[in-house]
Structures are given as structure tokens and as C-alpha cells.
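The values are calculated or read from the model by the stated rules, or taken from the named source; none is laboratory data. All figures in this text were calculated on a predicted structure; none of them were measured in a lab. Please note: Cβ atoms are built from the backbone with ideal geometry, for glycine as well, and neighbour counts cover all protein chains shown.
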Amino acid sequence: MPEAVPVINRRGVLAGGAALAALGVVASACGEAPPKPPAVEELLGPLDQARRDSALASAAAGAVGSPPQIAAALAVVATQRAAHARALATEIARAAGKLTSGTSEAGSSSPSPTATEPPPPPPPVAEVIDSLRASAESASRLLATSSGYRAGLLASIAASCTASATVALVPGGPSI
């Protein structure tokens, strides 16, 4: 009885070549380095702005003669902006690979007034509003180039600053 000789046709060779090419692509994809984490330097500006806004709103809230509703709204803004600073500091630490269980918030290194210097006058509410608008614009610009959690964080900050500047601190008083 004659022995069967395997028949190799062009279709079989092409299918085998395609399978080998696909295997090569899959194998090389597994060996690629993970993508670089996004730069954290872009978040340092919003972090400084959040800290500055919090301090500004706190100082304005403590102004003598401020209407109680405005002082309460300024206190809320100061608390919100401090929370934004903490969230940004946590994101910076996470992206830099230095996240610990208790992220510390470094305060500003401004010199404390001495006993002979009078404290600076509290800022007007208009200055707080202008600072919040600038913070919202800055966060919105960064939002366009961000994704994932960072985009959500920046969107939340932009929305909060915009709402505070256009609703909570408007002349006529907030409804807090």
C-alpha cells in the first residue's frame, strides 16, 4: 500500500505564516515596558493655588464687619480649598510613587508676623473671588490634557471654584 505524502499548499503556508506573525506581535507586546506615569509637576501650580485660596478665604472670613453669611461662605470656601490641596498632594504623592498612609501637608513657609508688625489687613471678598476664578481656569486648562482620576479631580476643583466664585460669594449673599 502506498504511503500518503502530506500535501503542502499555498493556503496552508500563508495561514501558518500569519499565525507566526500574530504570535510574534503578542509576544513582543508582553515584553514592553509599562507606560511612564504622568508628570506630577503640572499639579504643583493647582496645589499652591489651593493652599493660597484657603489661606485667603480664611483671612477674609475673619475680617471684622463681614456679614455673617459672607463670613460663613468664606469659611466653607477655605475648608473646600484645603480639601482640594490635600487631594492634590495625595495625587502628587501617588503619581510619584511615594504614597504613604498619612500624607502630610506642608504649610507655606511665610514668615510669621512679629509682635511689632501689625497683621496685614484681611483681603476683600473680590480678591478671593478673583483668585477662585484664576484657580478654576488653571484647573480647566490642565483638565484638557488629563485623564482618569486626575481629570475627575481637576474637573471637581474647577467646578467647586466656579460655583464658589459665581454663586456662594456673589453680592447679595449666599444661601448657606
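Key figures
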quantity	calculated
Leu44 being crowded, with 18+ Cβ neighbours inside 10 Å and either under 26 Å from the mean Cα position of the chain (by Cα) or modelled with pLDDT of 80 or more (or both)	no
Top-ranked residue of the range 109-148 - restricted to ones that are within 18 Å of Ala159 (Cβ to Cβ) and loosely packed, with under 11 Cβ neighbours inside 10 Å, ranked as modelled with the lowest pLDDT	Ser147
Near pairs, Cβ below 8 angstrom, 6+ apart or cross-chain, from the range 162-175 (in a helix (DSSP H, G or I)) to any residue that is modelled with pLDDT under 60 and among the hydrophobic types (A, V, I, L, M, F, W, C)	Ala168/Ile176
Matching entry among Val26, Val77, Val64 (being outside any helix (DSSP H, G or I), of a type in the set (A, V, I, L, M) and either more than 17 Å from Ala159 (Cα to Cα) or modelled with pLDDT of 85 or more (or both))	Val64
Yes/no for Arg94 being in a helix (DSSP H, G or I), at negative phi, of a type in the set (Lys, Arg) and free of Cβ contacts under 8 Å to residues at least 12 places away in the same chain	yes
